[in-house]
Each structure stands twice: as structure tokens, then as C-alpha cells.
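Below is one structure; the comments refer to it alone.
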Amino acid sequence: MRRVNAFLLAAFLVLGMIFSGCTKNPSTPQSQLELQGGNTVSSSLEQLTKWGTSSCAVQSGYYYIEQNTIYYIDYASQKRIALCSRPECEHKDETCDAKLERYAVIFSTGEQLYLYYPEMLGGSDAQDAVSRIDVMEMDGSNRKTFYTFDLYDTIIEDLYTDGKDLYFILNSCDLKNGEYVNFRYELVRLNLKTAEREKIKDCAENEFLMGGTSDYFFLKKLIYPPEEMQNINLRHQAFVYDRLDQKEVLIEEWDNAEAVGYFNKGKLYLADYDTFDVAQIDLASGQRADLVQGEEILSQIGTAEGEKYFPSLKYISEKYLYFELTQSSGEKRMLGIDLENHRTKEFTLSYQIRTDHDEYEQFWTILASNNGQYLVCCGVQEVPIVDTLSNGAQISRTVPEYQYGLITQQDFFEGNAEGLVPIENIDLVWR
């Protein structure tokens, strides 16, 4: 793995502060660096979405989308309901406030809820299928269109905010003779009040926003090998882009076969595939720290000689970085790395997932944290339903119904499943 010189990066950031000193409200990435007067910059972009999921947590509860329906888990009542204000509604058609006409990603800035609809054109020019963002109140009422993108525009992966603007990478292209051509990628920001959009920089095709501030951005690039060199592995690059000076500095570079990476709040975590060593890199300063040695992880799980595990960094909640190890046989172990004292702890709370052809273990997943409690996904069952088609025909199928619960952080850390308070299911659309 290649690492940038920490002194070079620090000099780059300091120069950025000097030359931006005449601008209004200058800012730097969250780091050890200090501004004149000894004040450190603590503001950073908040990640609003997570690729592959459609959910968001707020102080009072948790929103998510399932079966094109918005659900809300209320911490106080410990109930899961469809986000609909009509008491007589059965939540089965488009008249329901909670129903969506197509897939969307839900997120919140703390004051309002938003829905991002990716483009669903499939090669047509239907304007009602272009990408757009809707806004609504926290109870789901007063939903309206906030911003409509141009034809063929799509947001690449996640959205971030500084409280005033949305930040994301936008993919644009043209349609010519039935094929998409002239692909363009831009890092942009969209004002949450005026809906005005501004381009920050042009991006490469495989470039992804990973956080930062309104002036300094943490990005990741994927470097694919040429087609004639398939024996060369995919490479990852993490770098900082300075908006004011329009410069970028490489922070870290690693091979896809060397390590697995995870970005969180201005930090990059790398787990080595061979040694299981886990390192933490501060993206603002370039400083690198070893979190835990692989020998400690292997001794924690008690691996036998010849056993092979594959590491995966899952997520961070409170003080733990959750680290899953999957054996070649399919057996899984879940460890937490304490980010304060760098010690490891095994977590065992899990449930079984059964399919027609297989059965496997899934660990409880922390979805949100609130007042010393975790909201967790802690089980799943297949529920039979019957769909009625437009011609009156009926089709039977099953859908997964996930189980949720609240548990104190102490009970979770100690593996005490008896401390779980189940969330009651109300208004599920297939019941």
C-alpha cells in the first residue's frame, strides 16, 4: 500500500488556509491543524445516505422504505407504522401518503424529509421518469417536488450536507441512436433553500465523494486495469481536493487484493487481507495509526491451523468499528475494535436466515443510536402474500418481514438478548 508524505499534505492544507484567508468563513478539513487564534475547524459534511439502502435516523425515530412504502419506527411508542396521516387508509394504493410510485432513497436534514428518485428511463424520454428530489414534513405530509434533474442525470452513490447545501457527484450523458454517450461526471452542490446548483469540479468516471467540508473534499477513485491486462488488480485511491486552489493530494493507495477499506467521518480504515492488521488514516492530516494487530484478532476468535478467514469492515457505531470475518466454509464471526483503547471484542447476537436452498447466520445490525439505546435489526421471517393483477388474476409469493428492536448499549455489548424490546409491527402493507 502506498502512503503520502504527511508533511507534504500538512503543508498543502496550511497553504490552502493562507491563500484562502481573504475569503469569507474559510474552512479546512477536520484535523489536528489549527487556524490563527488557536481555533480548530470542527465542521464536516454529514453523510445523508448509504449506498444500497434507503433509510435515515432522526432523534425521535427511524425512517426506511420497503415495498415502495415509507415506514417509521417510533422510539417512544416502540411501534412501526406506515408514514400516512389518514387513519382510514389501508396503505395499498397510490392514494396512501406512504406509497411511492417507484424506488426512492429517503434522507433527512433534521428539519424535513427528502426522497431522491433515480432516473428510471430505460431508454425512453418520459419526463415523469427523470431523477428528482421531493421534500416533505417529518410526518410525511405536504410532499412536493424540490428539484428536477435534466434528462439522463443520475446521482452517483451517496449524498452529504453541511446544513446549507447537498453535495454529490452527478452523472450526465446524452442519448444517441438508442445508446447513452458523452458521459460526464461532476461534483456539485445544491442549495437546500433556493435549489440552485453549482459545479465544484469535473470528476473521473469512477470517482466517489466520501466526505470533507464545503471547501475540502475527501474522494475515492477506482483505477481499473486495461482490458489486455486482466491479471492486474483493481486499485483504490483516497485523496483530498481543495476547492479554493483546485488541487488534489493523494492520501492512500491500495490494491483490491491487498486490503478492504471503509470510510467514516474523515477517516479511512484498512484491513489487510493477509495479516488482518487494521489501520486508521486521518484523511485531513495523512496521519496513520495502527488500530489492532492481526495476531490479536486471530487469538480472539481462536482459529485453528489451516483455517482461512476473509475480513470485511462493516460499520462504526459509538466507539466500535465492527469487523466481520467469514471463513471459507461460510462460518462468520463478528468482532468490534474499540477505537479508544484498540482492544477487540467478539459479538455473538445473531439470527438465522433460511432460503429454499440454504441457511446462514446473520448478526444483529445496529441501525441507529439514541439515548444509550440501539435500534437493531434482529430477525426475519417469510410472510405469504397474494398479489392481484390488473386482469384479476392472483399470484402467491412470500416477502421477507424483518424484525426490529430496541436494546441498551450495555446489553448489546454483553450479548444479552433478553434485554431486547421488540418493535411492534403496525400497518405493514402485505398484512
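Would you call residue 181 part of a strand (DSSP E or B), touching a strand residue (DSSP E or B) at 6+ places or on another chain (Cβ under 6 Å), more than 22 Å from residue 235 (Cα to Cα) and at pLDDT below 95?
On the way: part of a strand (DSSP E or B): yes; touching a strand residue (DSSP E or B) at 6+ places or on another chain (Cβ under 6 Å): yes; more than 22 Å from residue 235 (Cα to Cα): yes; at pLDDT below 95: yes.
So residue 181 fits the description; yes.
For the range 70-96, name all the residues that are buried (at least 20 other Cβ atoms within 10 Å of the Cβ) and charged (D, E, K, R).
80
Being among the small types (Gly, Ala, Ser) and more than 25 Å from residue 72 (Cβ to Cβ) is the requirement here; does residue 195 meet it?
Taking the combined requirement at face value, the residue satisfies it.
Would you point out which residue out of 158, 97, 134 is over 22 Å from residue 406 (Cβ atoms) and without any contact (Cβ under 8 Å) to a residue 40 or more places away in the chain?
So the residue among 158, 97, 134 that is over 22 Å from residue 406 (Cβ atoms) and without any contact (Cβ under 8 Å) to a residue 40 or more places away in the chain is 134.
What are the residues in the range 148-187 that are within 18 Å of residue 135 (Cβ to Cβ), of a type in the set (A, V, I, L, M, F, W, C) and in contact with a Phe, Trp or Tyr (Cβ under 9 Å, 6 or more places away or on another chain), if any?
155, 159, 166, 168
Residue under question is residue 204, and the condition is that it be of a type in the set (A, V, I, L, M, F, W, C), under 30 Å from residue 146 (Cβ atoms) and modelled with pLDDT of 90 or more; does it hold?
For residue 204, the condition - of a type in the set (A, V, I, L, M, F, W, C), under 30 Å from residue 146 (Cβ atoms) and modelled with pLDDT of 90 or more - is met.
Out of the residues in the range 359-389 meeting the condition of being aromatic (Phe, Trp, Tyr) and part of a strand (DSSP E or B), tell me which one is surrounded by the fewest Cβ atoms within 10 Å (Cβ to Cβ).
Taking the range 359-389 as the starting set, the residues that turn out to be aromatic (Phe, Trp, Tyr) are 360, 363-364, 374.
Of the ones still in play, those that are also part of a strand (DSSP E or B) are 360, 363, 374.
On the way: 360: 12, 363: 19, 374: 22.
If we take residues in the range 359-389 being aromatic (Phe, Trp, Tyr) and part of a strand (DSSP E or B), then 360 is surrounded by the fewest Cβ atoms within 10 Å (Cβ to Cβ).
Identify the residue in the range 308-354 that is assigned to a strand (DSSP E or B), without any contact (Cβ under 8 Å) to a residue 40 or more places away in the chain and among the polar types (S, T, N, Q) and, among all such residues, is surrounded by the fewest Cβ atoms within 10 Å (Cβ to Cβ).
It comes out as 352.
Condition check ((1) loosely packed, with under 10 Cβ neighbours inside 10 Å; (2) under 30 Å from the mean Cα position of the chain (by Cα)) across all residues:
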residue	(1), (2)
392	yes, no
396	yes, no
399	no, yes
404	no, yes
418	yes, yes
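Among the residues of the range 282-302, write down those that are free of Cβ contacts under 8 Å to residues at least 60 places away in the same chain and either among the charged types (D, E, K, R) or in a strand (DSSP E or B) (or both). Before you say what the answer is, go through the steps one by one.
As a first pass, look at the range 282-302 and keep what is free of Cβ contacts under 8 Å to residues at least 60 places away in the same chain: 289-302.
Matches in the range 282-302: 289, 290, 291, 292, 295, 296.
Would you pick out the residues in the range 373-401 that are touching a strand residue (DSSP E or B) at 6+ places or on another chain (Cβ under 8 Å) and either in contact (Cβ under 8 Å) with a residue 60 or more places away in the chain or small (Gly, Ala, Ser) (or both)?
Result: 373, 375, 379, 396, 399.
The values are calculated or read from the model by the stated rules, or taken from the named source; none is laboratory data. From a predicted model like this one, the values you see are computed outputs, not experimental measurements. As a convention, Cβ positions derive from the backbone with ideal geometry for all residues, glycine included, and neighbour counts pool all protein chains shown.
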